[in-house]
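**Q** Quick one: this structure, given as structure tokens, is what I'll be asking you about.
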Amino acid sequence: METSKLQSIIQGIPKAELHLHLEGSFEPELMFEIAKRNNITLPYDSIESVKEAYKFNNLQEFLDIYYAGAQVLLHEQDFFDLTWAYLTKVHSENVKHVEVFFDPQTHTDRGVSFDVVIKGIHRALEMGKNELNISYKLIMSYLRHLSEEAAFETLEASLPFKDIIDGVGLDSSEMGNPPSKFKDVFKASAEQGYKLVAHAGEEGPSEYIWEALDILNVERIDHGNRCLTDEALVKRLVDEKIALTLCPTSNVALKVIQKMDEHPVAKMLDKGIVATIHSDDPAYFGGYMNENFYQTATALNLSFDQIKKLAINAFEASWLSTPEKEKHINTINDYFGSI
Ligand code: HPA
Ligand code: ZN
């Protein structure tokens with residue numbers, strides 16, 4: 001199929017994004033603008049040189065640059081601008097629902113208070129709901145390279161904002177920081193009414209996915225690429241309809257896979273796994289939702305039925321209510337019926 005035809009089909013699909021780190025949507029142009037107004041000097045002299053630095057061999061090399069970039073965010077307006085830029089971008093890609101991560105500790109550890117961070121993000125999400133018709137859920141992620149005690153402090157700091165935080169997640173350096181390290185804080189988070197997800201099996205082994213399910217009791221796995229090496233785990237994911245929020249351009253950028261045609265998403269769909277596609281850190285990995293769909297569809301030669309399934313799976317796996325899910329899924333079915 002012609003490039004432009006497939007791109008325009010993907011553009012038209014109503015989409016849900018369930019795996020997006022707001023700090024990872026920080027485009028260099030906005031980073032420079034905010035650095036300037038906050039009188040911070042970036043270690044780059046141009047936007048081109050920033051983009052030049054975005055070459056990674058693994059997750060840790062990316063994280064070092066990602067945390068450095070986030071340091072220019074100081075004021076509520078900065079967090080608003082970051083979130084609003086993301087929402088306007090995905091609005092242009094026909095994204096209808098987002099469930100976004102933020103990393104409180106990346107900011108509170110530098111002296112920026114929890115309420116500054118969340119108020120900026122929340123104001124933009126509300127504006128996105130009202131002006132762009134994008135519904136949202138907000139997920140607070142614990143940084144797994146830090147201690148469980150530090151995660152408990154973050155949980156405590158979040159409590160005044162419990163009503164606007166829907167769930168907790170677990171991100172950052174995976175190897176050597178298994179889900180089990182956060183057993184108690186995930187239990188305490190659930191007791192506060194938070195839903196649970198965790199990054200697992202991105203660089204780490206399938207055992208980390210088991211731990212996320214059995215020890216943390218998460219309802220969705222972020223990434224989960226490594227599950228295919230373990231048949232019993234695949235069966236569990238299928239039987240319990242546990243969704244995997246996959247991020248194909250991220251996987252190539254961080255060398256989780258060497259080339260897009262090695263991506264496991266098609267095999268996962270064949271096995272009946274609720275696989276979904278998202279962008280992770282699009283400012284760093286060079287692709288928002290459409291690009292992730294497009295690159296995956298072309299490299300793996302996905303059929304329309306597979307593309308449609310991926311789009312529907314994301315709404316199924318979302319935290320929307322059943323009627324809201326049905327509304328979006330009906331729209332996707334109508335759309336594919338019309339092309
Ligand atoms: N993996 C783990 N932690 C992260 C990521 C990721 O892809 N992006 C932002 N924090
Ligand atoms: Zn992620």
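**Q** Please go through the range 199-238 and give me each residue that is assigned to a loop (DSSP other than H, G, I, E, B) and not β-branched (Val, Ile, Thr), ordered by number.
**A** Correct list: GLY201, GLU202, GLU203, GLY204, PRO205, LEU216, ASN217, GLU219, GLY224, ASP230.
**Q** Cβ contacts < 8 Å: first residue at positive phi, restricted to the range 135-150; second residue in a loop (DSSP other than H, G, I, E, B), any location; separation 6+ or different chain. Result?
**A** Listed pairs, sorted by first residue: none to list.
**Q** Inside the range 129-179, can you point out the residues that are assigned to a helix (DSSP H, G or I) and within 16 Å of ligand 2 (Cβ to nearest atom)?
**A** Passing the criteria: only PRO179.
**Q** Given the residues ALA157, ALA190, which is the only one that is touching a Ser or Thr at 6+ places or on another chain (Cβ under 9 Å) and of a type outside the set (Val, Ile, Thr)?
**A** Step by step, each of ALA157, ALA190 is checked, and only ALA157 is touching a Ser or Thr at 6+ places or on another chain (Cβ under 9 Å) and of a type outside the set (Val, Ile, Thr).
**Q** Of VAL197, VAL252, which residue is touching a Leu at 6+ places or on another chain (Cβ under 9 Å), within 16 Å of ligand 1 (Cβ to nearest atom) and either more than 19 Å from LYS137 (Cβ to Cβ) or β-branched (Val, Ile, Thr) (or both)?
**A** Result: VAL197 is the single residue among VAL197, VAL252 that is touching a Leu at 6+ places or on another chain (Cβ under 9 Å), within 16 Å of ligand 1 (Cβ to nearest atom) and either more than 19 Å from LYS137 (Cβ to Cβ) or β-branched (Val, Ile, Thr) (or both).
**Q** If ASP103 passes every condition in (1) touching a Lys or Arg at 6+ places or on another chain (Cβ under 9 Å); (2) within 16 Å of ligand 1 (Cβ to nearest atom); (3) among the charged types (D, E, K, R) but one, which one does it miss?
**A** (1)
**Q** Residue check, GLY204 against (1) in contact with a Cys (Cβ under 9 Å, 6 or more places away or on another chain); (2) within 13 Å of ligand 1 (Cβ to nearest atom), all met but one. Which one?
**A** Every condition holds for GLY204 apart from (1).
**Q** A follow-up question, please. Take ALA16 and tell me if it is surrounded by 16 or more Cβ atoms within 10 Å (Cβ to Cβ), of a type in the set (Gly, Ala, Ser), more than 30 Å from MET175 (Cβ to Cβ) and more than 16 Å from ligand 1 (Cβ to nearest atom).
**A** no
**Q** Can I ask one more? Please work out which residue is nearest to GLU33 (Cα to Cα), limiting yourself to the range 61-113 and to residues that are of a type in the set (D, E, K, R) and crowded, with 22+ Cβ neighbours inside 10 Å. Spell out how you get there, then give the answer.
**A** To start, the set of residues in the range 61-113 that are of a type in the set (D, E, K, R) comprises 61, 64, 76, 78, 81, 89, 93, 96, 99, 103, 109-110.
With the extra rule that they be crowded, with 22+ Cβ neighbours inside 10 Å, the set shrinks to 78, 96, 99, 103.
Numbers: ASP78: 10, LYS96: 28, GLU99: 26, ASP103: 21 Å.
Here the answer is ASP78.
**Q** While we're looking at this one, here's another question. Only one of these is within 16 Å of ligand 1 (Cβ to nearest atom) and modelled with pLDDT of 95 or more: ILE242, ILE257. Name it.
**A** ILE257
**Q** Taking helices (runs of 4 or more DSSP H) that fall entirely within the range 1-115, which contain at least 1 residues that are of a type in the set (S, T, N, Q) and closer than 30 Å to VAL274 by Cβ?
**A** 3-12, 59-70, 76-91, 104-108
The values are calculated or read from the model by the stated rules, or taken from the named source; none is laboratory data. Everything numeric in this text was worked out from a predicted model, so none of it was measured. Cβ sites come from the backbone with ideal geometry, for glycine too, and all protein chains shown count toward neighbours.
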